[in-house]
Amino acid sequence: MLEIKDLNVHYGVIHALKNISLTVNDGEIVTLIGANGAGKTTTLRTISGLKKITSGEIILDGKQIGLLSAPQRVSLGLSQVPEGRRIFPEMSVLENLEMGAFLRKDKDEIRKDMQSVYERFPILGDRKKQLAGTLSGGEQQMLAMGRALMSRPKILLLDEPSMGLAPLLVREIFEIIKDINKSGTTVLLVEQNASMALSIAHRGYVIETGSIVLTGSGEELMKSNEVQKAYLGGE
Amino acid sequence: MQQIVNGISLGSIYALIALGYTMVYGIIKLINFAHGDIYMIGAYIGYAAITFAHLGFFPAMVISMIACGLLGVITEKVAYKPLRNASRIAVLITAIGVSLLMEYVMMFFVSPDVRSYPAVLNNKVFHIGNVIVNTQQIYIIVTAIVLMVVLQFIVHKTKVGKAMRAVSIDKDAAELMGIKVDQTISYTFAIGSAMAGAAGVLVGLYYNSIDPLMGIMPGLKAFVAAVFGGIGIIPGAMLGGLSIGVIETMVSGYGSSLFKDAVVFAILILILILKPAGILGKNTREKV
Ligand SMILES: Nc1ncnc2c1ncn2[C@@H]1O[C@H](COP(=O)(O)OP(=O)(O)OP(=O)(O)O)[C@@H](O)[C@H]1O
Ligand SMILES: [Mg+2]
């Protein structure tokens, strides 16, 4: 589904991503874990087209998308829930969801999808008319996810959905991610909460200062010494 | 009462100009100093449409709006877009340069002389109680109200309008929705400049005279109006425009017209000290 080959990205002289390669197959949940400043957000922003590549390839369903604009990539089935949620606070919950469906013209289907977002996140249905900025952190995360789903993505990119949320809510969000995946959406999940991410992921990659240092199935990574030491506080 | 009616007519014009300032500021954080000159060019286009093409008020205004809309889009593409990532001061200086360019290019083509605007409306005077309202004032107020209602509709109910709001809130997030940011900025310039074009024709009719430097003072006052209401906030520009118009006519009606401009700029200073975010603004720390 999504393939990244030898990706290099710079911020001025800072070499933020160094020859990154990763693959996400159809139907998978793949997680990218790493410490602060490792390059996780940069990876997702580059895949979405918000950040220009220096060199390398991004391939979606066999098509080179590395030079396309962000909106063009959305139309090809990519959707991102950005770090820090980035909902539109001065717009209503309903308008935020409408923005998610910006490129679609199938009004009836949009209405159906909005209904299923409300089924998945009942609180959003109750708060339709409310300004998004007045929602709680957890509700905003749900809105950001609902909004991203409104484009009917083939692949959903999530950047630290657990950030700033209470443990109970984190568990709920991860259940929802699993559920979204079961209903047919491929997921690339960026997380600092390694144990949670690895527990729902089919496969994972570990990124350190801009390079992929380890990859394997969720279970393998969970058991590996490096991950235990660096991210799970184990011995 | 009489001064309030006069103030509202003048204020409607300020409000129409202020809308362009505020919309452009909202989306790219630029005080577009050339905006007052687009209004001036709008007045000339209306003049030409009425004098040479013998059009009536309404078609002349529509033509002026379309032409100014295009001019706004071209200005943005040529002068501001290449500076999208430059410092704000660089863009501001460019805006002042664009303003001077428009003024002196117009002087070259239409001469610096004041021209008298053709009277297309047969001016009747109505007495309501002891208040006098003339046809021009009614046209100005009604046109301004209609345009503002249309604008509110566009911004809140149409896809383009929602995209404009989304981009002004968060460009990256908007792009992730599939919104084309550059295109949306163009629409904003088009709509804001079209409002100024309408204001130009209205003011020509009201004051009967136009000249290439006519945009400077109303431009500045509309800018004050936008800041007064809260820059970046559309209803704020409407409120600010009307308030400045009424205050100005009150001052010249009951005090002295010598002071009217001074009072307007004193208001700007007061607002910046007391409530920098404007009457309708939330007090965030962003500097204007
Ligand atoms: N806009 C920017 N300008 C310059 N450097 C940047 C910029 N954004 C990120 N960087 C640098 O790129 C590197 C990777 O940052 P990135 O935000 O991708 O990390 P991250 O893994 O998402 O971290 P976190 O877990 O804190 O979100 C860091 O060294 C960071 O300082
Ligand atoms: Mg990050």
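The values are calculated or read from the model by the stated rules, or taken from the named source; none is laboratory data. None of these values were measured; they are calculated from a predicted model. Note that each Cβ is placed from the backbone with ideal geometry, even for glycine, and that neighbours are counted across all protein chains shown. For the accessible areas, the whole protein counts, side chains as well, though only heavy atoms, and no ligand, DNA or RNA atoms are used. Shrake-Rupley method; radii C 1.70, N 1.55, O 1.52, S 1.80 Å.
Numbers at a glance
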| quantity | calculated |
| --- | --- |
| Crossing angle, helix B:216-229 versus chain B [Cα axis fit, 0-90 degrees, rounded to tens] | 60 |
| Acute angle (nearest 10 degrees) that the helix B:88-110 long axis makes with the longest principal axis of chain B, alpha-carbon atoms | 40 |
| Computed [θ] at 222 nm, helices only, for the protein assembly as shown once each DSSP H run of length n ≥ 4 contributes -39500 (n - 2.57) | -18000 deg cm²/dmol |
| Dipole of chain B [Lys/Arg +1, Asp/Glu -1 at C-beta], most positive-end residue of B:Leu121, B:Ile50, B:Met23 | B:Met23 |
| Counting DSSP beta bridges with both ends in the protein assembly as shown, the antiparallel % (nearest 5) | 60 |
| Given B:Lys81/B:Lys157; A:Lys5/A:Lys40; A:Lys154/A:Lys182; A:Lys129/B:Lys157, the pairs whose alpha carbons are separated by over 19 Å | B:Lys81/B:Lys157 |
| Carbon and sulfur %, accessible surface of the protein assembly as shown computed with the full protein complex present, 1.4 Å | 62 |
| Residue-averaged beta-carbon neighbours from other chains (10 angstrom radius) around B:167-175 | 6 |
| Principal-axis tilt of helix A:167-182 within chain A, Cα atoms, nearest 10 degrees | 90 |
| Trypsin sites (Lys or Arg not before Pro) lying in DSSP loop within the stretch A:40-124, provided at most 14 other Cβ fall within 10 Å | A:Lys52, A:Lys105 |
| Distance (nanometres) between label positions extended 7 Å along Cα→Cβ at B:Thr51 and B:Asn85 | 4.7 |
| Cβ neighbours within 10 Å from other chains - mean over A:76-89 | 3 |
| Euclidean distance of C-alpha centroids, the stretch B:226-272 and the stretch A:52-110, integer Å | 43 |
| Where chain A is the region considered: accessible area per residue in Å², 1.4 Å probe | 44 |
| Heavy-atom surface of chain B, accessible at 1.4 Å and reported per residue (Å²) | 44 |
